[in-house]
Amino acid sequence: MASPLADAEVAREIGFAQCVHAIRNVLMTTPVGWLLVAWFAWGRAPHAHVLIWLGGFLCTWLVTLVLLQGILRAGPLLERHRPRLLAIAVLDGVSWGSVCWLLVGYSATLDPWLGAVLCGVAAVNAPVYITFYRAYATLMAAIWVTVELAAVLRPGHPVGTELILGMTIFCGLLTYHMRAIAQRVLDGIVLQLSNESLARQLSSALQLVQHEADTDALTGQPNRRALDELLKQQVGVARATGRSFSVLLLDIDHFKLVNDTHGHGAGDDTLRAFAQRVREHLRQGDTCARYGGEEFVVVLPGTTLGAALEVAERLRQGVADVSLISAPLVRTTVSIGAAQYLPGETVEQLLERADTAVYAAKRGGRNQVRVPEAATLA
């Protein structure tokens with residue numbers, strides 16, 4: 001599980017990336033705001049001032065797009081691109097704050113409206129910059145400083161005290177409250193990361209439990225429970241599509257003698273080696289499951305009885321030709337019963353027919369493959 005510190009660091013990276021993409025999206029609609037301001041100011045402020053403001057905003061907008069494109073192209077990494085994003089916030093703030101340099105003081109109707117626009121810009125950008133508070137604080141500072149400089153550096157400029165005081169209070173309060181809100185947003189991202197991590201761990205744990213519940217602890221093969229599920233699925237496929245399947249029931253010959261002669265430890269090793277030998281001789285898609293004791297069942301999807309007998313004979317020879325374990329030396333054989341699923345029969349009936357064939361192989365001398373009586377090859 002990731003540490004809280006690591007989650008917080010990832011959350012900051014995610015927040016930075018979200019902020020970059022949000023600014024990119026908002027910039028696509030920013031020209032609408034310019035045109036609205038220019039339309040309302042036209043005829044109320046000098047035309048030259050309106051055009052200068054539009055031209056300056058257009059230039060900073062293009063520079064901002066270039067900077068953002070560079071961040072997106074390289075990947076929005078906080079430590080690498082923090083200065084670039086802060087520069088974007090400064091350009092954005094100065095562009096909007098410059099209305100006080102160029103457009104304020106020429107109309108009693110225009111001035112309060114422009115003040116409202118600046119407040120609106122500050123409010124609208126709050127959710128845009130919310131996941132990277134430092135950039136939002138920089139934007140607000142750039143707006144406020146530009147407005148203040150309009151009054152301080154140009155004494156004759158008609159920026160009213162009311163506007164300066166109003167912007168100071170508004171920007172200060174909004175920036176102050178946004179800090180706590182931005183932190184809660186980042187905390188939410190951290191919580192989401194923690195929940196996702198917990199969900200992954202829970203899923204892994206459930207998969208492990210499911211695997212253990214379906215796996216024979218000794219041989220690592222699917223157990224009887226998993227086998228029953230697999231056979232039910234195959235019966236369902238056969239009934240729905242008419243595509244049959246076959247099973248092989250394998251019974252290790254004289255396995256009790258192995259336990260009696262070499263002990264149960266050697267018997268367990270023999271079972272593990274037998275399961276491995278069977279796996280080596282199966283085709284892709286075939287499944288071997290431990291049925292119980294020294295019995296195993298091989299499920300052969302989409303396989304006719306004739307093809308199943310070929311697989312069974314290959315398994316029989318593979319077990320008989322080479323010893324299963326060498327210390328102590330254990331050589332054994334296997335009796336195999338093969339049965340193809342018949343339309344309408346149950347899993348129990350199918351396994352019963354395969355079991356009957358195994359007993360026939362045992363009675364016939366072991367180390368052989370048998371099919372149920374009256375079975376026909378396809």
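Looking only at region 302-345, which residues are part of a strand (DSSP E or B) and touching a Ser or Thr at 6+ places or on another chain (Cβ under 8 Å)? 325, 329, 330, 337, 338, 339, 340 - these are the residues of region 302-345 that are part of a strand (DSSP E or B) and touching a Ser or Thr at 6+ places or on another chain (Cβ under 8 Å). Among the candidates 72, 36, the residue that is closer than 23 Å to residue 126 by Cβ, within 37 Å of the chain's Cα centre (by Cα) and either assigned by TED's automatic domain parsing to the domain that holds residue 124 or in contact (Cβ under 8 Å) with a residue 24 or more places away in the chain (or both) is uniquely 72.
One line per residue, one yes/no per condition, for (1) modelled with pLDDT of 75 or more; (2) crowded, with 16+ Cβ neighbours inside 10 Å; (3) closer than 21 Å to residue 40 by Cα; (4) hydroxyl-bearing (Ser, Thr, Tyr):
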residue	(1), (2), (3), (4)
110	yes, yes, yes, no
116	yes, no, yes, no
140	yes, yes, no, no
155	no, no, no, no
175	yes, yes, no, yes
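Just one of the numbered conditions (1) surrounded by fewer than 14 Cβ atoms within 10 Å (Cβ to Cβ); (2) free of Cβ contacts under 8 Å to residues at least 40 places away in the same chain; (3) more than 24 Å from residue 214 (Cα to Cα) is not true of residue 293: (3). Assessment of region 83-99 against the conditions (more than 20 Å from residue 56 (Cα to Cα), in the same structural domain as residue 176 (by TED's automatic domain parsing) and surrounded by fewer than 22 Cβ atoms within 10 Å (Cβ to Cβ)) yields at least one matching residue.
The values are calculated or read from the model by the stated rules, or taken from the named source; none is laboratory data. These numbers were taken from a predicted model, which means no experiment stands behind them. Note that we place each Cβ from the backbone using ideal geometry, even for glycine, and neighbour counts take in every protein chain shown.
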